[in-house]
Protein chains: 2
Amino acid sequence: MAERDLHPQCSGRLYGVGTGPGDPDLLTLKAARLLGQADVIAYFAKAGNASNALRIVQAYRRDDVIEVPLLYPVTTESHRHGDAYRQAITAFYDQMAAELAGHLSAGRDVVALSEGDPLFYGSYMHLHVRLASRFVTEVVPGITAMSGCWSLAGLPIVQGDDVLTVLPGTLDEEELAQRLAATEAAIVMKIGRNLPKVRRALARAGRLDCAVYVERGTMTEGRHLPLNRKTDDDAPYFSLVLVPGWAGRLAATDPSAEADKANAPADLETSTS
Amino acid sequence: MAERDLHPQCSGRLYGVGTGPGDPDLLTLKAARLLGQADVIAYFAKAGNASNALRIVQAYRRDDVIEVPLLYPVTTESHRHGDAYRQAITAFYDQMAAELAGHLSAGRDVVALSEGDPLFYGSYMHLHVRLASRFVTEVVPGITAMSGCWSLAGLPIVQGDDVLTVLPGTLDEEELAQRLAATEAAIVMKIGRNLPKVRRALARAGRLDCAVYVERGTMTEGRHLPLNRKTDDDAPYFSLVLVPGWAGRLAATDPSAEADKANAPADLETSTS
C-alpha cells in the first residue's frame, strides 16, 4: 500500500474532525461547516452501540451523507497487549483505511469523526498515518474531554510555570503515586474500575484532598464532585480525575483571603442542566 | 469583597470564553453565539499591543458591544517572582474584577476572552476566582494552542496508555531533561529564548530527533518543522516544541512498514496557507 493516489486532482479530501467532549455546542465552526459539506462521514463504534460522535454531529450533517461505521472487531480490552489482539486491530485499521481510500479515490470528501481531539488518544490517528501520505488531509482539532471537564467544574488547572501530567489510570499504583507527587497538576484518565487504585495513589502522593472527580464531561448527564465524596463502586470508564495545580497550591500554602478566592469554584456537587 | 450579589435575578452573567489558538474558524459554536449576545467583551492585552483574542472574535461580536481592555501593568516577566510584581499584579486583577463586577451588577452579560482555553494557563482564571462566587458564571472551553499545533503538524501525540507531560521551557535544563526522559510524549511551552536550553535537554533525554518545532500555531503565518532543522536565533515566546509519544515510539522501535505508516505526517516543513 502507500502508493500515491494517481489522480490527486480528482480525489476527495480527508478531514479528521474532533467532535469535542459531548455537547454539540462545543463543535468548532470549522467542524460544523465541514460536516455540512462532507460526502462521507466515518465514525468508530462498538458493534451494537450507538455512536456518541455521530449523536454529537447529528444536526450538522447532510441528509444524503454516506455513513461509514468503523466497527471495532473486539469488545474487551483485557487482552489488548497480546499478539492476537494486535494483529486483529492492525488488520481492522488497514481494512477501514482501505474502505475510506475507496471513497477518497472516487472523489468524495470524507470526514472521519473523533470524540474529543483526533490526535489526542483518538482512534482517528490510525487512519491518519495510513492515508495522509496518499490524500490531501487536514486535522481539525476538537475540545478535549479534559478541557470540557475542568471547564464544567470551573477549576483553574494550570498557571504560570506549572507542570501538567496526563496519566492513564491503568498505570500501577506505585508509578501513579510517584508521578502524582512530582507534578503540580494532573489529569487521570480511564478511571472506571481503576478508581480505588487511583484514590490510593492520590493519598500516597498527598493529593487526594484537592482531587475532583468528573463523570461524562459535558454531556447532559454530567456531574462533578470532590473525589473524597465519590464512592468507588460505579465510575464509568470515561470519567476523569482532575488534580488542579494553581488553585490546589494556593489553598494548600495560603489559608488567607487568596485561598478563599481560589476556593471560589468549590461549590462542586452540581449536575449540568 | 466576595459578598454575594444582592440582586442576582437582575445581574448579568459572566462567561469565560476560550477563543482557541488563533484561527477564528476554530471558535466553538457556543463561543460564537455568546459573542453575538454579549453586552460587554473584556480582553487582556499589553498596553500598546493589539489584542489577538479580540482579532479572533472580530466577526462575531455586536457592533454596539462595550469593550473593556484589561491592560497588564507590567510588560516584562523578568521580576515576576518578586514581591513588588506580585502585589502589582494582584491589585490589577482585583481592580479588573471590580470593573467587571460593576457591569455584571448593572445587568450586563460579560464575555471575558481567553486565548486558547480559559483555565489552561489563561489569565481569565484570576477573574474567575474573584467573581464566580458572586455572579452566575460559565466557562466555555477553547481549543488549546497545543491541540492547534499538533493538528497543524498532523502529528499523533498520544495513544493508549501514553503519559503526556506539559512543561514550561522556563524550567532549568536538568529538570527538563529528567522530565523529558520520563514521559512518552511532551509539550514544551514558552520556548522563545529558552530554545537552546530546551534543545540541549531534549538531546540529553534522547528525544531530540523526534521533536517538532511549531511557531504561531494556527495563525495564517504559522509553520512547523523538525526541531533539528530550526535554528536557535528567532523563536517567538509562544512557539511550542512537540515530542510525540506514539508515532515517535513506533519509529524508534519498529523500522518496518508500521514505522513508515507512523512517519506519514513527516512531510513537515510547510506553511499554512
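Of A:135, A:120, A:92, all but one fail to be touching a helix residue (DSSP H, G or I) at 6+ places or on another chain (Cβ under 6 Å) and of a type in the set (Phe, Trp, Tyr); the exception is A:135.
Determine whether segment A:142-155 contains at least one residue that is facing chain B (nearest Cβ under 7 Å), buried (at least 23 other Cβ atoms within 10 Å of the Cβ), closer than 28 Å to residue A:103 by Cα and out of contact with any Phe, Trp or Tyr (no Cβ under 6 Å at 6 or more places or on another chain). Checking segment A:142-155: at least one residue is facing chain B (nearest Cβ under 7 Å), buried (at least 23 other Cβ atoms within 10 Å of the Cβ), closer than 28 Å to residue A:103 by Cα and out of contact with any Phe, Trp or Tyr (no Cβ under 6 Å at 6 or more places or on another chain). When every residue of segment B:93-103 is checked against the conditions, at least one turns out to be touching a Leu at 6+ places or on another chain (Cβ under 9 Å), among the hydrophobic types (A, V, I, L, M, F, W, C), closer than 24 Å to residue A:150 by Cβ and within 10 Å of chain A (Cβ to nearest Cβ). Restricting attention to segment A:161-208, the residues that are open to solvent by 10 Å² or more (accessible area, probe 1.4 Å), acidic (Asp, Glu) and in contact (Cβ under 8 Å) with a residue 40 or more places away in the chain add up to 1.
Take the conditions (1) touching a residue at least 12 places away in the same chain (Cβ under 8 Å); (2) closer than 20 Å to residue A:239 by Cα; (3) among the small types (Gly, Ala, Ser); residue A:50 misses just one of them, which is (1). Looking across segment A:20-33, just one residue is surrounded by fewer than 22 Cβ atoms within 10 Å (Cβ to Cβ) and either among the small types (Gly, Ala, Ser) or more than 8 Å from every other protein chain (Cβ to nearest Cβ) (or both), and that is A:32. Taken together, the residues in segment A:119-136 that are at pLDDT 95 or above and more than 7 Å from every other protein chain (Cβ to nearest Cβ) amount to 7.
This table checks each residue for (1) more than 17 Å from the chain's Cα centre (by Cα); (2) among the aliphatic types (A, V, I, L, M); (3) within 24 Å of residue A:155 (Cα to Cα).
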residue	(1), (2), (3)
B:131	yes, yes, yes
B:137	yes, no, yes
B:151	no, no, no
B:159	yes, no, no
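The values are calculated or read from the model by the stated rules, or taken from the named source; none is laboratory data. Quick caveat, the model's predicted, so the values are computed rather than measured. Using ideal geometry, Cβ is built from the backbone for each residue, glycine included, and neighbour counts are taken over all protein chains shown. Areas reflect the complete protein model, heavy atoms only, side chains present, ligands, DNA and RNA absent. Shrake-Rupley method; radii C 1.70, N 1.55, O 1.52, S 1.80 Å.
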